[in-house]
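Step one of this worksheet: look at the structure below.
The values are calculated or read from the model by the stated rules, or taken from the named source; none is laboratory data. From a predicted model like this one, the values you see are computed outputs, not experimental measurements. We place every Cβ from the backbone using ideal geometry, glycine too, and count neighbours over all the protein chains shown.
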Amino acid sequence: MQTASKHVKARMVDDQLVAKLLNVRSLYDQSLILEIGTALKQLLAQARVRRMILNLSEIEFTATEMIARLVSLNRQARKAQIGLVLCELGPSLADSLKVLGLEKLFEIRTTEAEAIETQVHDASKETLEYPV
């Protein structure tokens, strides 16, 4: 597994980049959000892949700033024609995306295995625009 930062590990599965946030239960610290956001953007910029899968299983709580970074990452992925898939969202993060109306913006899968196996990207998600 490739290390993108202390809190982001990544590996290749076929033509997909699978990244997982580690050792982070609560994302409220601005410096940590910046570190993770930067690592994810760098991974995406360097990737020569069709899809990036982001496993968020260890995140219990997050600030809206991290959600904004996910929206920005999604925008960057679309520009590069890379599908961004979020998986293993905890109840709090899933609820936050729903309350903010952002669950329609992302392709979301229940498990990492499902995200890896599901090859079809829902193109309708690419037409939604959310300013950040």
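Quick notes on this structure:
- Hits in segment 40-65 - residues which are closer than 26 Å to ASP14 by Cα and either touching a Phe, Trp or Tyr at 6+ places or on another chain (Cβ under 6 Å) or without any contact (Cβ under 8 Å) to a residue 12 or more places away in the chain (or both): GLN46, ARG48
- Being over 21 Å from THR38 (Cβ atoms) and at pLDDT 95 or above holds for only one residue in ARG109, ARG75, and it is ARG109.
- Flag if MET66 is buried (at least 19 other Cβ atoms within 10 Å of the Cβ), in a helix (DSSP H, G or I) and under 11 Å from the mean Cα position of the chain (by Cα): yes
- Considering residues of segment 10-31 that are touching a helix residue (DSSP H, G or I) at 6+ places or on another chain (Cβ under 9 Å) and of a type in the set (A, V, I, L, M) only, the residue surrounded by the fewest Cβ atoms within 10 Å (Cβ to Cβ): VAL13
- Yes/no for ARG51 being in contact with a Gly (Cβ under 8 Å, 6 or more places away or on another chain), farther than 20 Å from LEU93 by Cα and surrounded by 14 or more Cβ atoms within 10 Å (Cβ to Cβ): yes
- Filter result for the condition that a residue is touching a residue at least 24 places away in the same chain (Cβ under 8 Å) and not in a loop (DSSP other than H, G, I, E, B), over LEU34, LEU89, LEU105, LEU97: LEU97
- Pairs with Cβ under 9 Å, 6+ apart, first in segment 66-86 and more than 15 Å from ARG50 (Cβ to Cβ), second crowded, with 19+ Cβ neighbours inside 10 Å and among the basic types (Lys, Arg): LEU86/ARG109
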